[in-house]
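Colleague: Submitted below is the structure of interest, expressed as structure tokens.
The values are calculated or read from the model by the stated rules, or taken from the named source; none is laboratory data. All values derive from a computational prediction rather than experimental measurement. Methodologically, a virtual Cβ is constructed for each residue, glycine included, from the backbone with ideal geometry; neighbour enumeration extends over all protein chains shown. Accessible surface is based on the protein model in full, side chains and every heavy atom, while ligands, DNA and RNA are left aside. Shrake-Rupley method; radii C 1.70, N 1.55, O 1.52, S 1.80 Å.
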Amino acid sequence: MSRTQTKDQLTQHKKRALRKLDLYMTSLIDSSDSKCNGKSDKLSYWLEDWTTFLDYESSFSSSSLKRYKRGEIIKAHLGFNIGSEEGGLHYAAVVEKDNSIYNPVITIVPLTSIKPKKDLSNLKSGEVLLGNELYTKFAFKFKTLYQEAKAENEKLIVEIQRLKNSKDWSESYMDNLENMQKSVEDQINTLYKMKNEISKMERGSIALVNQITTISKIRIYNPKTTKDILSGITLSNDGLNKIDKEIIKKYTK
């Protein structure tokens, strides 16, 4: 139970906390170790994102998001990691069999790509090898969405150029077309960015059952709607069965 404090007490507590944080981050920045410098940068990003999440919390409604099904792949912000915890923007698999759109939280298993030196014959407890099915599914969807976006972009470019050569066009209509074209270009850029990320899974991916966790849906980056890039990309029944077996083995009798 939280205690009641005066405004002055709260202010003093805030100052102490921020002073401690500032001293710690300054030590990271002043360090000659590049890993410490990078840690400071990541922490700064997380503080910005975390503040944004907290500010958004009061107006957030989980019902504004799509319904997430078991096995579906999402990309979520897991925060600033401590020790060996998975952190930052991370791909994950939904493991709940029935998550309501009104449920503000969701349980996931983080995924990681297979590193070049990873010994697949000696996986750690809680690690499940999934193969490269996710890469294959995303590559197929990328190709489909990219072709559609490219065709739409070319169509808008032609229409914009036609209007510019015409004597009869309205400024509002031109602005609307240019905004639509900018939106399509942004979609194409996002597609390429996620393609580069998912390309790391070409060697295969591993489900980290040992880091199963429940997160707020505020943390979900993609997909938020049925039209988003990751929407519809799910693990196969074989992949889900492997995760189920590892959950039973690791967390039940």
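Colleague: Of TYR56, TYR173, TYR91, which has the largest mean-square fluctuation in a 10 Å C-alpha GNM of the chain?
Modeller: Checking each option, the largest mean-square fluctuation is seen for TYR173.
Colleague: Hey, which aspartates and glutamates would be in cross-link range of LYS245, C-alpha to C-alpha under 16 Å, not counting anything within fewer than 8 residues on its own chain?
Modeller: List returned: GLU96, GLU127.
Colleague: Please give the contour-minus-distance gain from SER216 to SER64: 0.36 nm per residue of separation, less the Cα-Cα distance, rounded to one decimal in nm.
Modeller: Values: separation 152, 0.36 × 152 = 54.72 nm, distance 1.36 nm.
That pair, SER216 and SER64, stretches by 53.4 nm at full extension.
Colleague: Ignoring everything except DSSP H segments at least 4 long, calculate the 222 nm mean residue ellipticity for the chain; use -39,500 (n - 2.57) per segment, divide by total residues, nearest 500.
Modeller: Numbers: 5 runs with 123 residues, N = 253.
Rounded to the nearest 500, the figure is -17000 deg cm²/dmol.
Colleague: For the chain, what does the alpha-carbon gyration tensor say about shape, rounded, prolate or oblate, given a ≥ b ≥ c as the root eigenvalues, a/c under 1.5 as rounded, and a/b over b/c as prolate?
Modeller: Because a/c hits 1.5 or more and a/b fails to exceed b/c, the chain counts as oblate.
Colleague: Once amide H atoms are placed 1.01 Å from N in the peptide plane, what residues at a sequence separation of 5 or more from TYR221, or on another chain, have their amide H within under 5 Å of its amide H?
Modeller: LYS75, ALA76, HIS77
Colleague: Now for a separate question. Would region 121-209 count as rounded, prolate or oblate if I go by the C-alpha gyration tensor, calling it rounded below 1.5 in a/c and otherwise prolate when a/b exceeds b/c, oblate otherwise?
Modeller: Note, shape of region 121-209 comes out prolate.
Colleague: Kindly rank 154-162, 224-232 from highest to lowest mean number of other beta carbons found within 10 Å of each residue.
Modeller: Working: 154-162: 13.2, 224-232: 15.1.
Taking the mean over residues of other Cβ atoms within 10 Å, the ranking is 224-232, 154-162.
Colleague: Could you state the accessible area per residue of region 2-61 in Å², with a 1.4 Å probe and every protein chain left in place? Don't skip to the end; give the middle numbers.
Modeller: On the way: 5120 Å² over 60 residues.
Value for region 2-61: 85 Å² per residue.
Colleague: About the Cα centre, and with charges only on the beta carbon of Lys, Arg (+1) and Asp, Glu (-1), how big is the dipole of the chain? Nearest 20 debye, please.
Modeller: The calculated dipole for the chain is roughly 840 debye.
Colleague: What does the extension gain come out to for GLU85 and MET180, with contour length at 0.36 nm per residue minus their alpha carbon separation?
Modeller: Fully extending the segment from GLU85 to MET180 adds 30.2 nm.
Colleague: Which residue, chosen from ASN237, TYR135, TYR251, occupies the Cα position most advanced towards the positive end of the dipole of the chain, where the dipole is computed from +1 (Lys, Arg) and -1 (Asp, Glu) charges on Cβ about the Cα centre?
Modeller: Sorting the options by dipole projection puts first TYR251.
Colleague: If r is the Cβ-Cβ distance from THR107 to GLU48 and R0 is 22 Å, what FRET efficiency results, to the nearest 0.05?
Modeller: Working: r = 26 Å, r/R0 = 1.20.
After rounding, the FRET efficiency stands at 0.25.
Colleague: Consider a paramagnetic label point 7 Å from the Cα of SER172 along Cα→Cβ; state which residues of region 145-160 have an amide N under 16 Å from it.
Modeller: Once the point is set 7 Å along Cα→Cβ of SER172, nothing inside region 145-160 turns out to lie under 16 Å by backbone N.
Colleague: Another question, if that's okay. Would you work out what percent of the accessible area of the chain, with all protein chains in place, is carbon or sulfur (probe 1.4 Å)?
Modeller: Working: 8520 of 16470 Å².
Roughly 52 percent of what the probe reaches on the chain is carbon or sulfur.
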